[in-house]
1. Computed from the mean reciprocal separation of all distinct C-alpha pairs, what Kirkwood hydrodynamic radius does segment B:154-293 have, in Å?
2. Three principal axis extents, largest first, for the C-alpha atoms of the protein assembly as shown, in Å?
3. Using a Förster radius of 41 Å, what is the FRET efficiency between A:V154 and A:W177 based on their Cβ-Cβ separation? Nearest 0.05, please.
4. Mind jotting down the distance between the C-alpha centroids of segment A:156-208 and segment A:216-267, whole Å?
5. If packing is taken as the mean number of other Cβ atoms within 10 Å per residue, what is the order of B:119-127, A:42-50, highest first?
6. What spacing in nm lies between the two simple spin-label points modelled at B:Q238 and A:R261, each 7 Å away from Cα in the Cβ direction?
7. Sequence gap at least 6, Cα distance under 8 Å: using those rules, report the relative contact order of chain B to the nearest whole percent.
8. How tilted is helix B:126-139 with respect to the longest principal axis of chain B? Cα atoms for both, answer in degrees (0 to 90, nearest 10).
Amino acid sequence: MSTATASRPPAPTGLVWRQFDHWRARWRRTWRGSAITNFVLPVLYLLAMGVGLGAYVDSGGARASLGGTDYLDFIAPGLLATAVMQNAVGASTWPVMGAIKWDKTYHAMIATPLRTRDILIGNLGLIAARLTLTAAVFWVVLVIFGVAVLPWAVLAVPAGVLVGLAHSTPLFAFAAWLERETGFMLFYRIGVVPMFLFSGAFFPVSQLPDPLEWLAQVMPLYHGVELVRGLTLGTPDLLADLGHVAYLALWCGVGFLLADRALARRLGG
Amino acid sequence: MGAQSVEQAAAGPVEAPVEALVEARNLRKSYGALEAVRGIDVTVRRGEAFGFLGPNGAGKSSTMRMIAAVSPASGGSLRVLGMDPGAEGPAIRSRLGVCPQDNTLDSELTVRENLLVYGRFFGLSRAEVARRADELLRFVQLTDKAGSRVDDLSGGLKRRLTVARSLINNPELLILDEPTTGLDPQARHLLWDRLFRLKQQGTTLLLTTHYMDEAEQLCDRLVIIDEGVIVAEGSPAQLIRDHSSREVCELRFGVDDHAGVAARLHHLGERVEVLPDRVLVYAEDGEAVAAAVHEMGLSARSTLVRRSTLEDVFLRLTGRSLAD
Ligand SMILES: Nc1ncnc2c1ncn2[C@@H]1O[C@H](COP(=O)(O)OP(=O)(O)O)[C@@H](O)[C@H]1O
Ligand SMILES: [Mg+2]
């Protein structure tokens with residue numbers, strides 16, 4: 001028997017890398033389509049809201065409350081942050097439940113030397129790649145519209161990815177814990193949509209009544225919008241931005257720990 | 001003896017080959033309050049085909065998942081390939097092949113891609129997985145489907161792909177959880193033929209089934225499991241010898257009350273079983289039973305004489321039929 005050619009004993013480190021071909025094969029099926037959507041949607045948004053709506057807003061004398069910027073400049077970086085957030089929601093909910101419940105690909109993966117944490121890290125790697133594509137394509141659109149001010153604006157892309165991951169890891173935990181997909185619909189309606197509208201992307205949260213303003217400020221997206229806006233427009237407030245980065249990193253970290261536990265429980269029952 | 005120890009010394013420390021690939025003692029699994037596996041003892045030896053025969057819900061899959069080092073045991077002890085699944089899961093899993101009850105194939109990838117990416121999880125090089133993938137596609141006769149999407153495959157082809165995938169790392173122990181459930185007879189026979197070849201090549205097989213014919217065809221030894229406990233163990237022939245007669249006479253009468261008729265048949269065989277639609281008389285000579293029934297003036301609507309099977313053993317031991 002040729003059992004001698006069987007696989008080598010696993011080194012605990014390389015286990016994440018062994019998934020590279022797997023995630024690459026899945027990514028290959030979708031990246032072109034998502035790159036196009038990622039380009040077309042921001043262009044439409046910026047034309048309609050930034051340029052169209054912006055003409056009214058600017059002529060109405062709202063500059064002061066927008067921090068002295070055009071409406072297009074105000075809204076465009078916020079839209080980048082919300083686009084990455086929505087992408088993170090899409091990538092961390094249904095596909096995760098599918099890999100547990102429908103296709104059961106995670107179950108296939110844990111039958112190999114991979115451990116649940118390796119799978120979590122590998123899948124987050126794919127999500128990070130998707131988020132990078134979304135942020136980078138959106139960023140190119142911002143450059144075309146003349147919104148981005150270099151060199152700070154370059155950092156808007158990694159900042160955008162951080163915003164996405166701050167949503168991805170807790171949602172991954174949610175998806176790994178949730179029994180039925182109806183929970184996603186509910187979350188989308190009462191979570192994603194209000195967050196999208198009220199996290200300071202379209203108007204400053206200071207316009208909200210106080211309790212709602214505080215609520216908005218607890219949301220990671222608010223910090224993402226503020227961070228990305230300052231960087232994109234070349235006017236970062238370094239101390240505040242450090243706070244935003246730390247807060248987003250906290251969401252990433254706590255989310256990761258929760259996802260790790262939820263996935264281990266769900267797969268290792 | 002001497003030469004062997006010199007060889008071993010020259011090759012450096014060599015792990016002694018484990019002969020008991022699976023050793024379970026009083027193994028248990030609970031899901032909350034539900035006890036799915038209630039203390040089983042099993043030893044699977046290298047090179048044999050070992051089966052778990054039992055009805056749905058008996059605890060077969062729960063046991064397979066513990067042995068496959070993906071689900072922790074709730075009690076008792078378990079060694080797989082000489083190692084502890086709780087502590088050395090990745091090392092154990094790198095040497096197992098697992099064909100789970102559900103196929104768990106990646107429907108977004110092609111047939112061949114499913115094998116390629118899976119082989120990489122075991123740390124095999126791209127060149128090696130490519131070679132193995134093509135070899136295994138030939139082995140399960142899926143070469144012409146290599147580029148197809150998994151979604152487009154029939155149930156039988158998906159199962160063959162899952163078996164091929166479980167072999168990508170050249171496993172020492174192949175675990176098959178209900179390998180042919182839901183397949184049509186032709187697909188089952190093809191799969192049995194492949195599994196039989198693997199067995200001939202020396203791969204140790206551990207399989208579960210609720211088909212007694214599958215157990216009889218493939219298993220050197222098996223346990224019959226019911227409600228989380230093992231009710232009998234042995235080779236198929238041994239089990240039949242120990243727990244049933246050589247032959248069975250199946251009688252269907254045109255009456256509702258088979259029990260009433262059965263009461264008059266007890267003297268004809270070693271044992272009589274009453275099923276909703278028929279009476280089974282267990283005896284060394286089934287034809288003689290049939291003739292005696294005829295002489296008694298009882299006209300059976302149909303009479304069938306056959307050899308005892310594992311189904312009869314299960315009925316004897318649990319009072320129920322496997323298909324329930
Ligand atoms: N993950 C699980 N959570 C809760 N109960 C389970 C789980 N898996 C199996 N069971 C229950 O355990 C019992 C044995 O199931 P299983 O091991 O799948 O049996 P079999 O494979 O012989 O059909 C059944 O009652 C089943 O419902
Ligand atoms: Mg089962």
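1. Roughly 17.8 Å, rounded to one decimal.
2. That gives 110, 72, 46 Å along the principal axes, largest extent first.
3. Efficiency, from the Cβ-Cβ distance: 0.65.
4. Their Cα centres are 11 Å away from one another.
5. Per-residue mean Cβ counts within 10 Å order the peptides as B:119-127, A:42-50.
6. In this crude label model, B:Q238 to A:R261 measures out at 4.8 nm.
7. Result for chain B is 18 percent.
8. The angle comes out at about 20 degrees.
The values are calculated or read from the model by the stated rules, or taken from the named source; none is laboratory data. Computed from a predicted structure; not experimentally measured. Ideal geometry is used to build each Cβ from the backbone, glycine not excepted, and the neighbour counts take in all protein chains shown. These accessible areas exclude ligands, DNA and RNA; they are computed on the full protein's heavy atoms, side chains included. Shrake-Rupley method; radii C 1.70, N 1.55, O 1.52, S 1.80 Å.
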